Amino acid sequence: MSTQLSEPKGHNRPIPLLAWIDAVASVLIGLGLGCWIWLLQHRDQLHSPEVRAGKTLLRQYQATSHDLFLALLALSVLTLLVLIRRAQNEQRQQQPTQQQATPGNPLLRFARAHPLVVALFAGYTVAMVHGTNWMYPELVGWYRGIPGEHLLNNFSFRQDFLRETMRRDDYRFFPLAHQDLHILSWFTAYVKVWMLVSAAELFTIVVVSARFVRRLSGRSQIPALLLITSLLLLFHPATGMAFFQFSYCERFLTFLFALYCGAYLHHHQHRDKASFYAALLFGLIGIFIKDIAVVLFVVPPAVMLVAGSLGLVEGRPSWDNSSRSEWAEAYRLELWLCSLALIFLLAYVVLSLLPSAFANKGSYNKNKGFLFAPDWRFWFLIGFCLIRAAAISVRRSRINLLDGLNLAALTYAAGLLVLIGFESHKYLTLPVQWVTVLDLGFVWACWISPALERHSSARTAGAVGSAVVLGTIGIDHLQPPNFAANVSTIKVRQQSWLEAYQAIDAISAPIRTQGEAINLIYSKQSWFSAKRHLGRLRFDRLIEFDQQHNRFSVEEGTGKGELYTPQAGDLLFTIDKDASTLQPLLERWPTQLLYRDNDGQENGRVYRIQP
């Protein structure tokens, strides 16, 4: 076995690099936990996080630790990219010269082979892009710095993204969540372009899923596999909720997870260097996208490692029937991927546990969890796992990578259930839903379509399978929550917020022409604020209403920072929150309704105080 990461095959020696990394990570984890215990017992020896000195200490620690984390991660990613490139070049040189690539554009070949899928992708993309804007709850804050700097400060870290992901002190840990949007914001401010990238990610997931099933089944031609996979994945409510808006990191997590599984399966079957490094690259990035994402990337290799050692994986040596060097060589990738658990734990201790313990605010998910609302697909996942377990127990089948993915999906679902609840139609379950689609595709490829093809043509079998899938999608839409309902809610909310925002300026314009002062009053509960886009409206004063303290304060304009008393002619408005947030004001002063949302939403109101 080799001594370096860049040599995945070779010498029959231990892996000093991996052993060194694991040893250093274990020691640092121990030191971190020791610091955590000391912090809990000697909190009074440090500044309180409520005073300025304590806040400064916390900010400096978070900035320094995350800078170091990003530097080490960037170095690791660049190293793996170089190794992938080098391995690909070596592989090209080793291929016989007569093995030339198929002539023609691969996209055109794909379009000719799958015209229905291409038409589906095109229509789906139009639906994703149509009407999209930056009027998403969290994106209201993340987006504010882009137009505010006149599109001139492109390649800079945006503090709103960093505060959301790398300045947490509530035990949450997802430092790389939403960073794909962060990087996109450096190149373009147009969210419709962001949505095109999101669509490309989704369609990549679909194609990788179909290829995964085809390679795992061992069949080169499976009727309508790509179309069936597309329908199953694209029209699930969790997919609509995650991909028709930008607020949720499950979108990028599932994208990386799919690439990871594709690279892992390729290495499992071909043992090439490039897929070895690619799987490690996607796993290294993926574990930092979401708090519990590490189980998705560590459980499958752990299953393959244990099952293979017991002789339950075809083509892999068992622990008893191989030398230690042969065993380590055969499971080199699994050993590296399992080590990601130590890397994740070390990062969590340093970047989340210690600052959260110092801040002492408690966990973000307190009083949540154990809400369980599965759909038929989740019960299918359970049933499929039971069937596979029975087949393996009677030795009618061997364990494969899909079994590891199923266990990872169930573990991920259990984590969601304990932390914040499991509802199949929510975006949170998207990785679980993706694994379920793989199971459905595998059942179609290995069990159903072969039976149909024995009695009919492949085209007929594909048509029957596609029709059944369309029927199940139709049944799913008989009652909410469903894909159409989720997407409609997102689109209507975006349009409602945008129209309300534009209505404020439209109403203010004639008032200004009459020489009257424009005083805008909004609720503190809103996602919008003076720094979040309201400052771009035309006004003399922008006043924030704090219902909890029954206080009006001028946020921008004349008398900034002073308390304010509403008077006749002032405009009360809500863009994103229910009109009930203005109810205390409506009960106190006579008002005239000047604008009301046209789509029947509870938000989107503009009132004017009457004399």
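Counting every pair of alpha carbons in the stretch 159-227, the share spaced more than 21 Å apart comes to 51 percent. Treating each Cα of the stretch 22-139 as one equal point scatterer and applying the Debye formula with no solvent, the log10 of I(q)/I(0) at q = 0.10, 0.16, 0.17 Å⁻¹ comes out as -0.80, -1.04, -1.08.
What relative contact order, as a whole-number percentage, does the stretch 248-346 give when Cα pairs under 8 Å and 6 or more residues apart are counted?
This gives 25 percent for the stretch 248-346.
Placing R0 at 45 angstrom, the Cβ-Cβ distance between HIS455 and LEU478 gives a FRET efficiency of 0.90 after rounding to 0.05.
So for the stretch 298-373, what percent of the C-alpha to C-alpha distances run longer than 20 Å? It works out to 55 percent of all Cα pairs. Restricting the calculation to Cα atoms, the stretch 413-527 shows an Rg/Rh of 1.28 when the hydrodynamic-style radius is the Kirkwood one. Axis of helix 458-476 versus longest Cα principal axis of the chain: the two differ by about 30°, to the nearest ten degrees.
Among residues other than THR132 with Cβ under 13 Å from its Cβ, the summed charge is +3 (Lys and Arg +1, Asp and Glu -1). The slack between LYS361 and CYS446, meaning 0.36 nm per residue of separation minus the straight C-alpha distance, is 25.5 nm. Close amide H pairs (under 5 Å, H built 1.01 Å from N) link GLY604 with THR574, ILE575, ASP576, LYS577, residues at least 5 positions away or on another chain. Qualifying chymotrypsin sites (Phe, Trp or Tyr not before Pro) in the stretch 340-435, where qualification requires a DSSP coil assignment and no more than 11 other C-beta atoms within 10 Å, comprise PHE370.
Take every pair of alpha-carbon atoms less than 8 Å apart whose residues are at least six positions apart; their mean separation over the length of the chain yields a relative contact order of 16 percent. In sequence order, the stretch 384-396 has phi-based couplings of 5, 4, 5, 5, 5, 4, 5, 5, 5, 5, 9, 6, 8 Hz under the Karplus curve 6.51 cos²θ - 1.76 cosθ + 1.60, θ = phi - 60°, and Gly or Pro positions carry x. For the chain, the alpha-carbon radius of gyration amounts to 1.10 times the rule-of-thumb value 2.2 N^0.38 Å expected for a compact globular protein.
What area, in nm² and to one decimal, does the C-alpha convex hull of the stretch 188-327 cast on average over all directions? Spell out each step's value before the answer.
Working: hull surface 41.9 nm².
Projected area, direction-averaged: 10.5 nm².
Here the simple spin-label model places points 7 Å from the Cα toward Cβ, and for LYS192 and SER156 these points are separated by 2.8 nm. When both the stretch 12-70 and the stretch 276-353 are represented by their alpha-carbon centers, they are found 24 Å apart. Computing Rg and the Kirkwood Rh from the Cα coordinates of the stretch 35-86 gives a ratio, Rg/Rh, of 1.29.
The angle between the Cα long axis of helix 401-419 and the longest principal axis of the Cα atoms of the chain comes to about 30 degrees, rounded to the nearest 10. Here's how it looks for GLU556: its modeled amide H is under 5 Å from those of LEU542, which are all 5 or more places away or on a different chain.
Model label sites at GLN94 and ARG398, defined 7 Å from Cα along the beta-carbon direction, differ in position by 2.2 nm.
The phi torsions of the stretch 337-353, fed into the Karplus equation with coefficients 6.51, -1.76 and 1.60 and a -60° offset, translate into couplings of 5, 5, 5, 4, 4, 5, 4, 5, 4, 4, 5, 5, 4, 6, 8, 10, 4 Hz, rounded to whole numbers, with Gly and Pro shown as x.
Let me see the pair-distance distribution of the stretch 359-421: every alpha carbon pair, 5 Å bin width, integer percents in order. Cα pair-distance distribution for the stretch 359-421, in percent: 4, 15, 19, 19, 14, 11, 8, 5, 4, 2, 1. Using only alpha carbons, the stretch 457-590 has a radius of gyration to Kirkwood radius ratio (Rg to Rh) of 1.28. A straight Cα-to-Cα reach below 18 Å connects LYS531 with the aspartates and glutamates GLU138, GLU149, ASP160, GLU164, ASP505, ASP540, GLU544, ASP546, GLU555, GLU556, GLU562, ASP576, residues fewer than 8 places away in its own chain not being considered.
Read-outs throughout are calculated quantities, based only on the coordinates presented, and are distinct from any laboratory measurement. As the structure is a prediction and not an experimental result, all values here were calculated from the model. No Cβ is skipped: glycine too gets one built from the backbone with ideal geometry, and neighbour counts run over all protein chains shown.
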